[in-house]
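Following: one structure in structure tokens, then a few remarks.
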Amino acid sequence: MAHYHLAKAAEILGIYLGQGSADGHYDIREQLEAQFDRAVGACARGQLIERETMSRLLARTARAMVDSSIWTVTRAVNSRVTRFVESLTARDRRRPIFEMLPPQRRTLREEGLLGSGHRSVVVSLPTSSGKTFIAEFRILQALNQFDQEKGWVAYLAPTRALVNQLTRRLRHDFAQLGLVVEKVSPALEVDGLEAGMLTEADQAQQFRILVTTPEKLDLMLRGGWEDRIGRPLTLAVVDEAHGLASENRGLKLELLLATMNRECRYAQFLLLTPFIHNGAEIARWLSPDSNKSIDLGVDWTPNDRVVAIARAHQGDGRGEFSVALRTRHTSRNTLDIPEEIGIGEPRPLGLAWSAVKNSPGKIAAATAQVLKKRGTVIVLADTPAATWSIADAFKVEENKRPLDGDDLGHVQRFLVDEMGQDFPLASLLEYGVGVHHAGMSDDTRALVEWLTENDRLGVLVATTTIAQGVNFPVSGVVFASHQYRSRTFPYRTEMPPEDFWNIAGRAGRVDQGDLGVVALAAQDDTKQQVLEEFINASVGELNSTLIDMVEQAVNVGSILNLESLSHQPGWSAFVQYLAHTYRQIGSHDLFAAEVEQILRGTLGFQALRKNHKGWADALVWGVYAYAERIKGKPLALVDATGFSWESVNATLARLGQEKLPDDIWSAELFAGRRDDLRRMMGLLLQVPELREPLEDVTGGAGSDGDKLARILCDWVQGRPLTDMASEYFGKNVGQEDEEAATDPVAAMTDCCRNIFGRLTQTASWGLSALQSLTLGSAFDALPLNEQKSLRNLPARVYYGVNSDEAIALRLLGVPRSAAPVLSASLGIGADEPLHQIRARLRATDVGEWIAAMGERGESYHRVWSIMEGD
């Protein structure tokens, strides 16, 4: 009888977990209690002590499963959430979701996020605890709140890779709900296609979720795009919100949130981060009377995790060595082992003791070779050159794998075509090894990310800058270096603790076995001690970078003269914020009266008032003085360009001297009018906001813009990367010997780092700014088709193509070399709406790609499908 009732309870539980009800009823707890009570009673009557104990344990287990069921957590929220849950649990879904992880359950139900009316919420959860999933439910709630107004959500991510990954994820998850998810490029200009998408009149095609970077959204909001869209921004989701403390980009994000809080009537905020110890303070900053901080960082980890030091020890035989781990941090005390543990067989990868004894990179490679038997392993190095050296160690026979008829084969053929036969990643794929660093094209990195996410690689060797990368599910992480490269002496800086734990959190994820291993390679006792101290460093509170900026300015006596500071990136962002707010208020006297109130909208000023009142007062007087300086100035140009008023004013003066022709903005700019482009690049090289990345591209050689113009013309005209790497980046600046041997890998690395990391975004931003300065209000008087063509000129630089039709395909993920020929073959129209082009592209079959590109079209078609998530 006891077995019958236990079986009946299991049946009821299974039905409920699968469909959300049992026999059409929702009182699942009562139904289960009835069956378990009868089972316990039967065991008591039969004096079956062990069975009774088991029944009681099963009853507790069943209650826990019900509590974590997606049906229980999301019951009776709103119709959108209900339909979303039905799509997540559908039988035809590849990986249906029936259970919430503990932090998801606690955040959504127990902490009340699903039913929350709080405007500002900070969610601090460990890496891999499902923060994106939590955000999806909050998005649905926000859209439901403002459905009548057709409100939209901005999902902010710090990198292009994360923007692309989140867009694919949200499109997939919300497909059954009919929600349109769009992305806009990180380029600091709104091209013609993006403008058309943002202002789409057809309600069925209007975006409801927009994924982009904070810098792009800042430019859009300051440029009046919320009004042009005609629908209110209702929620901002900030992924990797600990970026608020970033030295390079943190203040821009802080000022964006302050601007939204001041100007967007319906704006709500959800900040997601693995670690913000002062989350309550951040939440109060954005909404003092309606905030919530949810911090479950200590209570739960997705899996057991071990952080250990990896050492190589010499063996008895010639060249023999073995790898050992010594634990230094564990998620549970039971995993902490006081002595070293030897792992694997002697001489992993066939390496010799002489090769590994002084090489953290080789020790890391040997450690990863042992650990990859448990699943994919990431190996981290500090430079692109180091990644290739480490990756090469894995090219041994035991790692060899066939690629024919496999996605890896298509990726390999694409890489050979795009990056050249000498690019080593193509051959590394044959050994299940990927490489990821800034010296690769965007498409190449996206493919490596996909291969890693889908368990197609055994090892990924990457630079440490992947800390703010995409969501890689791996079983282990091995550090060959724990440092970032720096531009200034001593040229290396230790990785911040938050970045280390963010990367470490990628090991031991819920779906990656029962133990995640994080190993740091040490070649001797001195390095081991350094690494142990590094591991023990704790994550501090999140503080605004404005505090450090003010302190530095006070120390040199510049705080009252913001004009003299405006050439610095952080202060440029700050004075742009002031100029925008001044313009929005529209009255000098009102702005002067509200200066302190305006500054209180920033996180940094609140901290200054609390802890450094003298500094805060000095900043207020500095803002008063700056307001006098910008009084009566055409500040709309500050919002339009993303430059400080000082940079705008200086550039206007140079434009007056340069006397560019009136018809300069034409499609011939990147072909027959290279001299005009040279002059424009010369102007942009003198803009403080743009100077450094552009000078990095030229190697600091000359300021006339000729080299930049030649590179841009070749890039837009579709010249292969291999040719550009050889011509522009194959030799050191000033090298005279035409026959000097060049390293093609180093040249390609330098080429990609400069073109994708510096030139395309900076030059497209600069050209868009010059359009605003030269065309001014005349732009709005032009016909819409001319406006679109003009907007697309900077986009040609960003995407590396020379037609509006090819830009559309690039925006939709088509590789650069395929976009021109495919747009012509498909007959894409320049005036076609983006959603129509996307539908046509998705309807194409591999035969149409082959017809356009020849045999390589098959691989390009598969590569495009991978990058778009189809």
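The values are calculated or read from the model by the stated rules, or taken from the named source; none is laboratory data. As the structure is a prediction and not an experimental result, all values here were calculated from the model. Here the Cβ is made from the backbone with ideal geometry for all residues, glycine too, and neighbour counts use every protein chain on show. Surface accessibility is based on the protein's heavy atoms, side chains included, excluding ligands, DNA and RNA. Shrake-Rupley method; radii C 1.70, N 1.55, O 1.52, S 1.80 Å.
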Completion exercise
Simple spin-label estimate for residue 666/residue 4, 7 Å along Cα→Cβ, in nm, reads 9.2
Exercise for the section: Assign one of three labels to the range 740-870, namely rounded, prolate or oblate, based on the Cα gyration tensor with a ≥ b ≥ c the square roots of its eigenvalues; rounded applies when a/c is under 1.5, prolate when it is not and a/b is larger than b/c, and oblate otherwise. Expected result: oblate
Problem - Percentage relative contact order, the chain, counting C-alpha pairs under 8 Å, at least six apart - result: 11
Fill in the blank from the handout: Amide H neighbours of residue 199 at under 5 Å, excluding residues fewer than 5 places away on the same chain, with H built from the backbone geometry, are none
Practice task
State, to one decimal in nm, how far the label point of residue 704 lies from the label point of residue 19, with both points 7 Å from Cα in the Cβ direction.
Solution key: 7.9
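With r defined as the distance between the Cβ atoms of residue 110 and residue 76 and R0 fixed at 25 Å, what FRET efficiency is calculated, to the nearest 0.05? Please report the intermediate quantities before stating the final value.
On the way: r = 16 Å, r/R0 = 0.63.
According to the calculation, E is roughly 0.95.
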Fill in the blank from the handout: Helix-only [θ] at 222 nm, the chain, -39500 (n - 2.57) per DSSP H run of 4+, per residue, nearest 500, equals -15000 deg cm²/dmol
Handout entry: Under 14 Å, Cβ to Cβ, from residue 815 - net charge with Lys/Arg +1 and Asp/Glu -1
Key = 0
Fill in the blank from the handout: Once residue 357 and residue 617 are pulled to full extension, the length gained, defined as 0.36 nm per residue separation minus their Cα-Cα distance, is 87.9 nm
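Just to verify a number: FRET efficiency for residue 564 and residue 57, C-beta to C-beta distance, R0 = 60 Å, to 0.05? List each step's numbers first, then the result.
Details: r = 71 Å, r/R0 = 1.19.
The formula returns an efficiency of 0.25 here.
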Problem - the range 148-236 shape via C-alpha gyration tensor axes, a/c threshold 1.5 - result: oblate
Exercise for the section: Using θ = phi - 60° and the Karplus relation 6.51 cos²θ - 1.76 cosθ + 1.60, list the HN-Hα couplings for the range 479-486 in order, rounded to whole Hz, with x at every Gly or Pro. Expected result: 9, 7, 8, 10, 10, 9, 6, 10
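As a test of reading the structure, rank 397, 551, 30 by solvent-accessible area (1.4 Å probe, protein chains only), most first. Display every interim value, and only then the final one.
On the way: 397 145, 551 75, 30 105 Å².
Result, largest first: 397, 30, 551.
Using a Förster distance of 35 Å, how high is the FRET efficiency between residue 132 and residue 26, based on the Cβ-Cβ distance and rounded to 0.05? Please list the in-between numbers first.
Working: r = 28 Å, r/R0 = 0.80.
After rounding, the FRET efficiency stands at 0.80.
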Handout entry: Overall form of the range 307-423 per C-alpha gyration tensor (a/c, 1.5; a/b vs b/c)
Key = prolate
Fill in the blank from the handout: Counting only residues 5 or more apart in sequence or on a different chain, those whose built amide H sits under 5 Å from that of residue 99 are 70
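Over the range 22-73, what is the relative contact order in percent, taking alpha-carbon pairs closer than 8 angstrom and at least six residues apart?
About 34 percent, as a whole number.
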Handout entry: residue 563 - accessible surface, heavy atoms, 1.4 Å probe, Å² rounded to 10
Key = 80
Problem - Protection-proxy order for peptides 10-17, 567-574, each taking the mean of Cβ atoms within 10 Å per residue, highest first - result: 567-574, 10-17
Handout entry: Contact order normalised by residue count of the range 130-276, Cα under 8 Å, 6+ apart, percent
Key = 29
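Given the Cα-Cα distance of residue 329 and residue 454 and 0.36 nm per residue of separation, how much length would full extension add, in nm? All intermediate terms of the calculation are to be shown ahead of the outcome.
Working: separation 125, 0.36 × 125 = 45.00 nm, distance 2.87 nm.
Contour length minus Cα-Cα distance gives 42.1 nm.
Report, please, the projected area of the range 61-161 averaged over directions, based on the convex hull of its C-alpha atoms, in nm².
Values: hull surface 32.7 nm².
The number I arrive at for the range 61-161 is 8.2 nm².
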Practice task
Enumerate the amide H contacts of residue 122 below 5 Å, restricted to partners 5 or more residues apart or on another chain; note that Pro and chain-start residues carry no placed amide H.
Solution key: 271, 292, 293, 294
Problem - Set of the range 389-411 residues, backbone N closer than 17 Å to the point 7 Å along the Cα-Cβ line of residue 485 - result: 389-392
Completion exercise
For the range 233-244, Karplus-derived ³J(HN,Hα) couplings (6.51, -1.76, 1.60; θ = phi - 60°; whole Hz; x for glycine and proline) come out as 6, 10, 7, 10, 9, 10, 7, 6, 5, 5, x, 4
Practice task
Send over the per residue convex hull volume for the chain, Cα only, as a whole number of Å³.
Solution key: 197
